[in-house]
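Worksheet: the structure to be examined is printed underneath.
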Amino acid sequence: MTMQRHETIRKPAAPGDAPNLRDYDATRAAFDWADAEREIDWLPDGGLNLAYEAIDRHVAHGNGAKPAMLWEGKNGEKETYTYEEMRRESNRFANVLAALGVRKGDRVFTFMERVPEIYFAVFGALKAGCVAGPLFSAFGPDPVKDRLEDSGAKVLVTQPELRAKIAEVIPQLPELERVIVVNKNERSKEPLAPGDLDYGALMREASPDFALIGATRDDYSLMHYTSGTTGKPKGAVHRHNAVIQHYLTGKWCLDLRPSDVYWCTADPGWVTGTSYGMSAPWTNGVTQVIYEGGFNARKWWQILQDYNVNVWYTAPTAIRMLMKSGAGLPQTFDLSSLRFAASVGEPLNPEAVEWGVEAIGMPFHDNWWQTETGGIMIANYASADIRPGSMGKPLPGVHPGIIDAEGNELPDGKEGNLAVRAPWPSMFQTYWRQQERYDSRFVNGWYVTGDEAVRDADGYYWFIGRSDDVINTAGHLVGPFEVESALIEHPAVAEAGVIGKPDPIAMEVVKAFVSLKDGYEPSDALRRELTGFAREKLAAAVAPREIEIIPSLPKTRSGKIMRRLLKARELGLDEGDTSTLEED
Ligand code: PRX
C-alpha cells in the first residue's frame, strides 16, 4: 500500500514474555464482551462503580497493602498510597460530599494540579454517585467558567493559586454551591475566601468508611469537555460501564500486568489522564507513578529509571521533544525495567516509532481513540507487528469502518471518514444538555469520529487528518471558536479567525488572524498585547502562538469566517472554491 513508507517492525511469533494478547487474529475472531465483563467485579446488587473497581476491589481481594500511587511533586516531594489508603481517602471524600448535601448525579468538578488529592476527590465523587469533571489546571478563567457554567457543577475542588486565578468567575456561577480548597502547604496557609471550605479540615472529620451509593452500569461517571468546530466545548458524558473497556484495553493495548509499575504522562484534565491515568491502570491492579511536574527530558528519563517503570504511556509531542534532546541521553540511564511504550493523542510519525527502537530498545506503540470513545479503539499491540505511521488495528469487539458522507462503507485503500459501529462499552452517552449535537454524530448506526483515515488491505488504519476545523496542538484539541471568542473581547479586535498551522514538534500551533476596529493601527506592541490577553483568559496551551493582523477576514455571503481559506493562504495552497466569498 502506498501509505506504508517504513519497514514493518516484526514482533516475535510467540513472545516469550507472555503478553496479555498473544494472538490478535484468533482473539478478535472469538471475542465476546461478556468474557471481559466476567473479569471484573460487579457489586453485590449487580451494579458497577468505577471507583470500587479501581480501588476497593483490590482491598477486597487481599491486596490493600500494595502501593497504588507513587507520587512525586514538582519540588521533589514524595508520597506513597496503598490501595487501602486510596480506599480510605476516597471514602472520606465521599463522606465529605454526602455531608454537604451533594446527591447522586450532581456534578463535582476539580481544578487542580496532579496532586494525590485530585484522585481522592474524583474517586470519592464517583463513590458518592456524582459525575466527576476534572479541569485542566493550566486553563485561565474563561474556559473554567464556560465548563462550570455549562455542567451546572455544584462543587469545585481546587487549590489556593488556582482558586486565585479564577476568583472573578466564581461569583458568576449561581449553581456552584461549594468551593473546597486543598492546601498542601499547611505552613503557609492563607486564610480562605469567605464561604470556601478547607479540604484538610473536612477530611480530618470524615469517616474512612462509606457505604457506596449504588451505581448501575448506565449511571454517569465522568465528563470531559471537548472542542468542536462551532460553539463552545461540549461535555462528553461517560458512564460507569466504561470501566469494562478501560480494564480490557489496559491489559491488551498497554500490556498491563498486576506486577507492573506504570507511568502515564497525561493530566487528569484530559480524558487520557482519567481513562488511562486512573481507571485502566488501577483496575488492572498496577502501581502507578504520578509526577506533578511538566516536561523535562532529563527528568522524564530519570523517572523511568528511578521508579523502574515497566509500562509507559505518553504522547507524540513529548516523544518528538525527547527526540530533540537525542537518543544518547536515555542511554545514560538504566531503563532495563521498561517493557512497553505507547503513545496517543496525535499522529505518531514513523520516525518517532523507530526512534524508540534506537533510544529505548523498543518501538512506541501508537493507539487511537477520542474523548467521545472513552477508551482505546485502535492500537498497536505488544504481540503484533507494527507498520510505523499506522494507528494499528481495532480492539477486538470494536468495529471501525471508513465511510462516505452518507454513511456507506468504503473499500480498503479509499480515504474517508473514520467511523465506529455503535455501541461499545466506553462510548459517550451524551453531550451534556446538548442531545441534538450528540445525535448528529451518528449516521446509519455509525458513530462518525471527525477524523479522516484509510484502512490498508491487511486491516491497519492510517490517520489522514481531521474533517473539521478543530486544531490539535501538542495533543490538546482546541476549538477555533473558543479562541476567537476570547480575542474579540479585546477592545481593538473587530473579527478573529483561528486556524492550526503545521508545526514539526506540536503537530499544529494555534494561529489567529484578526482585523482591527476603526481607530486602531497594527503594531508589534498590539500583537504582543493580544497574545498576552488571550493567554491570560485561556491558557498558554490554547492561546494563539501567532497573531497576524489583516485588514479584513474572508467570509461567506452569510457572514461566516472562512477558516479553511485562511489556512489555505497560510500554507500557500490552492484557495479552492471562493464563489461564496464576500465581495469587497
Ligand atoms: O484527531 C484525533 C487525534 O486526537 C483526537 C482525539 O482527541 P481527544 O478527544 O482530546 O482525545 C485525546 C485522547 C485520545 C482524535 O479525534 N488523535 C488521537 N489519537 C491519535 C490521533 N490522531 C492520530 N493518531 C492517533 N493515534
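The values are calculated or read from the model by the stated rules, or taken from the named source; none is laboratory data. Note that this is a predicted model, so its numbers are computed, not measured. Reconstructed Cβ throughout: ideal geometry from the backbone, glycine too, with neighbour counts over all protein chains shown. Ligands, DNA and RNA are excluded from the accessible area calculation, which covers all protein heavy atoms including side chains. Shrake-Rupley method; radii C 1.70, N 1.55, O 1.52, S 1.80 Å.
If ASP150 satisfies every condition in (1) assigned to a loop (DSSP other than H, G, I, E, B); (2) modelled with pLDDT of 95 or more; (3) buried (at least 18 other Cβ atoms within 10 Å of the Cβ) but one, which is the exception?
(1)
Looking at this structure, is ALA121 among the hydrophobic types (A, V, I, L, M, F, W, C), buried (at least 24 other Cβ atoms within 10 Å of the Cβ), in contact with a Ser or Thr (Cβ under 9 Å, 6 or more places away or on another chain) and outside any helix (DSSP H, G or I)?
no
Does segment 191-216 hold any residues that are more than 23 Å from SER137 (Cβ to Cβ), at pLDDT 95 or above and open to solvent by less than 20 Å² (accessible area, probe 1.4 Å), and which are they?
ALA206
Within segment 447-467, which residues are within 11 Å of the ligand (Cβ to nearest atom) and open to solvent by 40 Å² or more (accessible area, probe 1.4 Å)?
Passing the criteria: GLU452, PHE463, ILE464, ARG466, SER467.
Out of the residues in segment 357-397 that are among the hydroxyl-bearing types (Ser, Thr, Tyr) and closer than 14 Å to TYR447 by Cβ, which is nearest to the ligand (Cβ to nearest atom)?
THR371
Scan segment 346-404 for residues that are buried (at least 20 other Cβ atoms within 10 Å of the Cβ), within 25 Å of MET321 (Cα to Cα) and of a type in the set (A, V, I, L, M) and jot them down.
Residues satisfying the conditions are LEU348, ALA352, VAL353, ALA359, ILE360, ILE376, ILE378, ALA379, ALA382, ILE386, MET391.
Would you tally the residues in segment 224-239 being away from the ligand (no atom under 13 Å from the Cβ) and closer than 18 Å to ASP439 by Cβ?
4
For segment 217-252, enumerate the residues that are open to solvent by 20 Å² or more (accessible area, probe 1.4 Å) and either of a type in the set (Gly, Ala, Ser) or modelled with pLDDT of 95 or more (or both).
ARG217, ASP218, ASP219, TYR220, TYR225, GLY231, ARG239, TYR247, LYS251, TRP252
Please go through segment 437-446 and give me each residue that is part of a loop (DSSP other than H, G, I, E, B) and more than 15 Å from the ligand (Cβ to nearest atom), ordered by number.
Within segment 437-446, SER440, ASN444, GLY445 meet the criteria.
Quick test for you: out of ASP366, ASP334, pick the one residue that is farther than 26 Å from PRO504 by Cβ and charged (D, E, K, R).
ASP334
Being closer than 27 Å to ALA384 by Cβ and without any contact (Cβ under 8 Å) to a residue 40 or more places away in the chain is the filter; apply it to segment 31-81 and report the residue that is surrounded by the most Cβ atoms within 10 Å (Cβ to Cβ).
ASP35
Where in segment 476-584 are the strands (runs of 3 or more DSSP E), entirely inside, with at least 3 residues that are touching a strand residue (DSSP E or B) at 6+ places or on another chain (Cβ under 7 Å)?
Filter on segment 476-584 gives 493-503, 507-516, 546-549.
Pull out all pairs, ordered by first then second residue, where Cβ-Cβ is under 6 Å, the residues are six or more apart or on different chains, the first lies in segment 337-358 and is within 23 Å of VAL261 (Cα to Cα), and the second is at pLDDT below 95 and within 11 Å of the ligand (Cβ to nearest atom).
GLY345/GLY475
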